[in-house]
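The values are calculated or read from the model by the stated rules, or taken from the named source; none is laboratory data. Given the structure is predicted, the values throughout are model-derived calculations rather than measurements. Cβ atoms come from the backbone with ideal geometry, glycine included; neighbour counts cover every protein chain shown.
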Amino acid sequence: MKNISATLAIVWRIAAPYFRSEDKWVGRGLLAAVIAIELALVAIDVLVNQWQNRFYSALQNSDWDAFVTQIWIFIGLAFTAIALAVYKLYLNQWLQIRWRQWLTQHYLREWLDGSTHYRMQLKGDAADNPDQRITDDVKNFVEQTLTIGLGLLSSIVTLFSFVIILWGLSNAAPLHLFGTDLMIPGYLCWGALIYAIFGTALTHWIGAPLVNLNFEQQRYEADFRFNLVRVRENSEQIALLKGEGAERGGLFRRFGFVIGNWYAIMSRTKRLTAFTASYQQAAVIFPYVLVAPAFFAKKIQLGDMMQTASAFSSVQGALSFFVVAYRALAEWRAIVARLDGFEMSVASAAHPPTHEPTIGLAPSGSTTAIALKQLLVKLPNGAPLVAADAFTIQPAERVLVTGPSGSGKSTLFRAIAGVWPFGTGTIAIPGKSKLMMLPQRPYFPIGPLGDAVIYPAEHGAVASEKIRDALIAVGMPKLAERLDEDGHWNRTLSLGEQQRLGLARALLHVPDYLFLDEATASLDEPSEARLYRLLAEKLPQATIVSIGHRSTLDAFHTRKVALVKDGEIHVLGKDGEPAQAEPTVAS
């Protein structure tokens with residue numbers, strides 16, 4: 001019961017915001033219409049149940065006129081039911097797409113807000129495939145929530161509608177055993193209830209493991225697909241290293257988890273299907289067994305028996321909702337658990353617990369410098385990495401940051417950019433200054449080249465002539481005439497060409513602070529020198545902070561600082577001098 005309550009609470013938390021959103025009136029209207037149609041279909045079932053009594057009685061009495069009348073009544077009921085079923089499906093699908101659209105946009109905003117997606121990856125949550133949760137899980141949640149919810153509503157309304165009919169028929173057709181009428185009020189209702197309780201209990205006992213198996217199946221499928229995408233994205237490196245065998249083995253191993261878990265689902269589903277199919281088949285004959293003695297004893301007519309059987313089937317079906325829908329419920333609970341986990345991960349990354357210290361970003365007040373105060377940058381596991389205190393980067397400076405590989409230079413840049421939360425201390429950023437980070441491998445979205453260069457600016461934010469001039473300036477004149485060409489530029493261009501485009505992006509965005517994390521490492525030294533001179537010419541007021549290992553970079557920077565190892569911590573030195581042996585860092 002606690003698990004059911006917890007699941008329903010999660011479903012309410014995920015589902016309710018849509019019906020309170022800006023699209024609430026359309027959503028509520030569509031939901032109300034679908035519910036109304038569902039209730040109307042139950043009402044038609046009640047009318048058909050009553051029709052069965054009259055129709056079979058007409059057959060038994062050989063009443064031609066009554067038979068024809070009932071045929072026309074049935075045609076009217078059938079056409080009404082068909083029209084309602086068509087519009088129920090249409091409005092249900094309309095509600096699904098609007099609900100899914102809102103929920104997808106909501107999750108995308110939460111996931112992509114304030115580098116939350118990156119912090120989730122740092123914490124390891126990205127391994128559980130947020131892409132699948134936003135696509136498949138959202139789609140299935142909306143579809144199955146409506147299907148199961150409407151099915152449950154229909155079962156409840158059907159139960160209350162037909163239990164009254166069945167109770168009256170029980171009294172009109174007493175239980176006839178061994179030539180004796182046993183007056184048990186509502187015995188058919190009690191029979192349906194006992195039958196459903198028995199079936200539900202056994203169904204849960206057999207099918208309970210399916211919840212966890214479905215959860216694991218979705219996880220294994222997503223992991224397999226994620227690794228296939230990684231192979232596609234890194235096909236060049238895999239081909240150069242002749243790593244196809246290793247990749248094939250890894251993919252086979254991950255697909256083995258998919259197959260192994262699927263076999264477990266097959267085995268459990270076979271048992272569940274064997275029981276539920278037997279249960280449903282027995283339910284067809286069970287009401288006739290109960291009322292046939294009264295019919296053969298001439299206590300009731302054929303119409304009464306057929307109506308009784310139909311009413312019993314409706315009541316038993318309503319009570320057996322969980323038996324019939326158990327597998328769908330197991331899949332639905334797994335989907336709900338995955339979306340709940342996704343929401344929790346997003347919330348944890350976006351709003352870390354207050355007891356966990358984080359690096360604070362604060363305005364630098366009246367100054368225009370970036371200031372690091374009692375800064376201690378840590379790894380996600382809590383191990384200290386970089387320490388700095390009273391370190392400033394002044395406007396229009398040219399600073400070269402050096403240090404051994406793995407000393408935390410790139411991580412320090414991430415902390416200054418505000419995307420690395422692990423650590424303590426404060427980084428003061430000038431409030432109105434524009435920062436730009438250029439990594440060694442820049443990112444370009446798939447699409448027109450012009451849009452890729454000016455990213456993250458929107459299409460048309462920069463004039464095409466300016467983009468062409470920037471491409472020519474960085475030594476890419478052949479690309480200057482391909483601004484409207486769609487492409488996957490991270491694949492089609494070499495790393496050196498990508499780095500040139502990254503510098504063209506910097507020229508177009510004109511940042512106040514430009515951080516270059518080995519952003520020219522794939523270029524030859526003469527090309528690198530030309531591009532640094534270009535930055536000095538085009539961005540004379542910008543502060544440029546570079547990470548690099550080449551000695552030739554010294555000539556383009558007015559200040560050089562080094563990360564020096566002190567125990568387990570790398571300390572940021574000043575002006576090329578060794579750092580203090582005992583840096584002041586936040587605890």
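From the list 303, 249, 256, which one is exposed (fewer than 12 other Cβ atoms within 10 Å of the Cβ) and assigned to a helix (DSSP H, G or I)? Let's see the steps before the verdict.
Numbers: 303 fails: exposed (fewer than 12 other Cβ atoms within 10 Å of the Cβ); 256 fails: exposed (fewer than 12 other Cβ atoms within 10 Å of the Cβ).
Checking each option against the conditions leaves just 249.
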Applying the selection to the range 477-492, what residues are surrounded by fewer than 20 Cβ atoms within 10 Å (Cβ to Cβ) and within 16 Å of residue 531 (Cβ to Cβ)? 477
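Rundown of residues vs (1) farther than 30 Å from residue 316 by Cα; (2) touching a Lys or Arg at 6+ places or on another chain (Cβ under 9 Å); (3) part of a helix (DSSP H, G or I); (4) not assigned by TED's automatic domain parsing to the domain that holds residue 331, yes/no style:
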| position | (1), (2), (3), (4) |
| --- | --- |
| 215 | yes, yes, yes, no |
| 227 | yes, yes, yes, no |
| 285 | no, no, yes, no |
| 299 | no, no, no, no |
Here is a check on your reading of the model: is residue 68 in contact (Cβ under 8 Å) with a residue 40 or more places away in the chain, part of a helix (DSSP H, G or I) and on the phi < 0 side of the Ramachandran plot? no
Considering residues of the range 60-94 that are within 12 Å of residue 41 (Cβ to Cβ) and β-branched (Val, Ile, Thr) only, the residue nearest to the chain's Cα centre (by Cα): 86
Of (1) farther than 22 Å from residue 267 by Cβ; (2) loosely packed, with under 15 Cβ neighbours inside 10 Å; (3) at pLDDT below 85, residue 228 satisfies all except one. Which? (3)
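Per-residue answers, yes or no, for (1) at pLDDT 85 or above; (2) surrounded by fewer than 17 Cβ atoms within 10 Å (Cβ to Cβ); (3) under 18 Å from residue 348 (Cα atoms); (4) under 10 Å from the mean Cα position of the chain (by Cα):
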| site | (1), (2), (3), (4) |
| --- | --- |
| 104 | yes, yes, no, yes |
| 108 | yes, yes, yes, yes |
| 120 | no, no, yes, no |
| 123 | no, yes, yes, no |
| 137 | yes, no, no, yes |
Mind checking which residues of the range 500-517 are in contact (Cβ under 8 Å) with a residue 60 or more places away in the chain and either over 13 Å from residue 449 (Cβ atoms) or surrounded by fewer than 22 Cβ atoms within 10 Å (Cβ to Cβ) (or both)? 502, 503, 506, 509, 510, 511, 512, 513, 514, 515, 516, 517
Failed item in (1) under 28 Å from residue 145 (Cβ atoms); (2) free of Cβ contacts under 8 Å to residues at least 60 places away in the same chain, with residue 276 passing the rest: (2)
Cross-chain or 6+ apart pairs with Cβ under 7 Å, the range 44-63 first and assigned by TED's automatic domain parsing to the domain that holds residue 310, then surrounded by 17 or more Cβ atoms within 10 Å (Cβ to Cβ) and acidic (Asp, Glu): 53/304
Taking interchain pairs and intrachain pairs at least six residues apart, which have beta carbon atoms under 8 angstrom, with the first residue in the range 521-542 and in the same structural domain as residue 505 (by TED's automatic domain parsing) and aromatic (Phe, Trp, Tyr) and the second part of a loop (DSSP other than H, G, I, E, B) and buried (at least 16 other Cβ atoms within 10 Å of the Cβ)? 532/520
Would you be able to say whether some residue in the range 455-467 is more than 33 Å from the chain's Cα centre (by Cα), of a type in the set (Asp, Glu) and under 29 Å from residue 550 (Cα atoms)? no
Within the range 453-486, restricting to residues that are small (Gly, Ala, Ser) and either part of a loop (DSSP other than H, G, I, E, B) or in contact with a strand residue (DSSP E or B) (Cβ under 8 Å, 6 or more places away or on another chain) (or both), the one that is nearest to residue 523 (Cα to Cα) is 475
